[in-house]
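Single-structure report; data block below.
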Amino acid sequence: MDKVIIIKYGELSTKKDNINYFIKVLKNNIISSLDNLDYNITYDKTRMFIYSNNLEEVIKRLKNVFGIHKFTIGYKIDNNMDTISKSSLELLKDKEFNTFKVITKRSNKSYPLNSMEVSKKIGAYLLKNIKGIKVDVHNPDLFLNIEIRKDDAYIYFEDIMGIGGYPVSTLGKGLLMLSGGIDSPVAGYLAMKRGIKIECVYFEAPPHTSLEAKNKVLELARKLAIYNTEIKVHIINFTEIEETIYKEIPNNYLITIMRRMMYRISEILCKRNNCKIIINGESIGQVASQTLTSMNAINKVVDIPVIRPVACFDKLEIINLANKIDTYNTSILPFEDCCTIFVPKHPVINPDIRKCEEYEKLIPYQDMIYNAIKTSQVIKINPHQRDKEYEDIL
């Protein structure tokens, strides 16, 4: 018997005419996630099979690949009834159970027995050869799964849940506004789950923001890259823009104008890097810039769609997801970013768009945006490699 990991597609099965595209992207993403491992992979429209001498590490990495509904460790055998019966008995010798149920799936419709007949025959064989067990079709201790295909059969027991969703990049690319906070990494994760490949933009403002704050964001990007195969981080020097806004713009409009500048820069980066949307971690009502009126005033400066995956989540829900994806402990490291260093005591919560436009006339923001993009830095993050620039800090 050959040991094999069997991958089940789940939601991908609904794609019909596009299913081949989705499965090929899933296969390529799996190949990227299994970098540096020895394995062999085959697939069709219903299943994917991975053979490896390091199944434990393969399973660990598959848990972070979007597009997988479930997977399991199975055993490949000949599809004749004698082999299926004897192999089932051999595999059950090391398992402790009192009740069991046989579930058969038969993609090979020319097989001489139907699924129900196979289950009955295998069940009867096991009852005859293992003392003290009985069948329980409602709540068994053990499920014995048999899949009969054209040239072979597979036996497996427990399923391992995948993280579902669509394979990353099947729905295009988006730009995540990645701060050092809790919300934006979670937003990036949720966008990737719907098949969006992400790049990131981070706004730094040295000397007001520290190298530690930058490296914290790069570490968050590395954690997200586990699901994305690789992430590009665009680092924008926002110092000139932020200092100018602080000097020239009324205090209560600082955050609103600052966010409008960030959106403008993000839209330009999107157009240059073939990103179809801007993604951020805004949650309705959480801070002054995230009221509906504020979001509308800020959104007005871009034509590209902006999606907010955590917009209707409360803070505890976001924290729970951050813990799940292992970004929370990094996000709470005490290094301030652009959005926190110049926060006014009483920011406007219902900004007037006409006032925003009048205040922006006080500053040469177009030239400053051009300079910020011109001097931007791009860092590529690989999930399985740490950049020497920041590995010693975190």
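In table form, for the structure just shown:
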{"quantity": "Between the stretch 56-103 and the stretch 134-160, the alpha-carbon center distance in angstrom", "calculated": "7 Å"}
{"quantity": "Cα-derived Rg to Rh of the chain, Kirkwood definition", "calculated": "1.12"}
{"quantity": "Kyte-Doolittle mean at least -0.5, axial Cα span of 18 Å or more - DSSP H helices of the chain", "calculated": "19-33, 115-129, 211-228, 254-272"}
{"quantity": "Beta bridge orientation in the stretch 2-161: antiparallel %, DSSP, nearest 5", "calculated": "75 percent"}
{"quantity": "Distant-in-sequence amide H partners of T291 (H built 1.01 Å from N, under 5 Å)", "calculated": "G285"}
{"quantity": "Over the stretch 233-366: Rg over Rh, Cα atoms, Kirkwood Rh", "calculated": "0.96"}
{"quantity": "Contact order relative to length of the chain, as percent, for alpha carbon pairs under 8 angstrom and 6 or more apart", "calculated": "17 percent"}
{"quantity": "Signed unit charges on C-beta, dipole axis of the stretch 173-381, positive-most listed residue A205, C356, M177", "calculated": "M177"}
{"quantity": "Under 20 Å from the D136 label point (7 Å along Cα→beta-carbon), backbone N, the stretch 93-115", "calculated": "93-104"}
{"quantity": "Estimated distance in nm for a label pair at D82 and S210, the labels positioned 7 Å out from Cα along Cα-to-Cβ", "calculated": "7.3 nm"}
{"quantity": "Compactness of the stretch 203-259 as Cα Rg over 2.2 N^0.38 Å, two decimals", "calculated": "1.41"}
{"quantity": "Value of [θ]222 nm, deg cm²/dmol, for the chain, DSSP H segments ≥ 4, -39500 (n - 2.57) each, nearest 500", "calculated": "-11500 deg cm²/dmol"}
{"quantity": "All-pairs Cα distance distribution in the stretch 14-107, expressed in whole percent, bin size 5 Å", "calculated": "2, 9, 19, 19, 16, 16, 12, 6, 1"}
{"quantity": "Dipole of the chain, positive direction: furthest Cα of N323, L126, L144, with charges on the beta-carbon", "calculated": "L126"}
{"quantity": "Fraction of alpha-carbon pairs over 12 Å apart in the stretch 12-63 - percent", "calculated": "65 percent"}
{"quantity": "Amide N of the stretch 239-264 lying under 12 Å from the label point, which is placed 7 angstrom from the Cα of E358 along Cα→Cβ", "calculated": "250"}
{"quantity": "Percent antiparallel among DSSP beta bridges (both partners in the chain, rounded to 5)", "calculated": "55 percent"}
{"quantity": "F157 paired with K45, simple spin-label distance in nm, labels 7 Å along Cα-to-beta-carbon", "calculated": "3.4 nm"}
{"quantity": "K120 versus E57: modelled label distance in nm, points set 7 Å from Cα along the beta carbon direction", "calculated": "4.8 nm"}
{"quantity": "For the stretch 115-162, diffusion coefficient by Stokes-Einstein and Kirkwood Rh (Cα), 20 °C, 1.002 mPa s, µm²/s", "calculated": "173 µm²/s"}
{"quantity": "The stretch 2-161, relative contact order in percent, only Cα pairs under 8 angstrom and at least six apart counted", "calculated": "27 percent"}
{"quantity": "Potential lengthening between N64 and K271 on full extension [0.36 nm per residue; Cα-Cα distance subtracted]", "calculated": "71.6 nm"}
{"quantity": "Value in Å of the Kirkwood radius, where the stretch 2-161 supplies the Cα pairs that are averaged", "calculated": "16.8 Å"}
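Bear in mind that the values in this text are calculations on the coordinates, not laboratory data. The model shown is predicted, which means the values in this text are computed figures rather than measured ones. Neighbour counts are summed over all protein chains in view; Cβ atoms, including those assigned to glycine, are modelled from backbone coordinates with ideal geometry.
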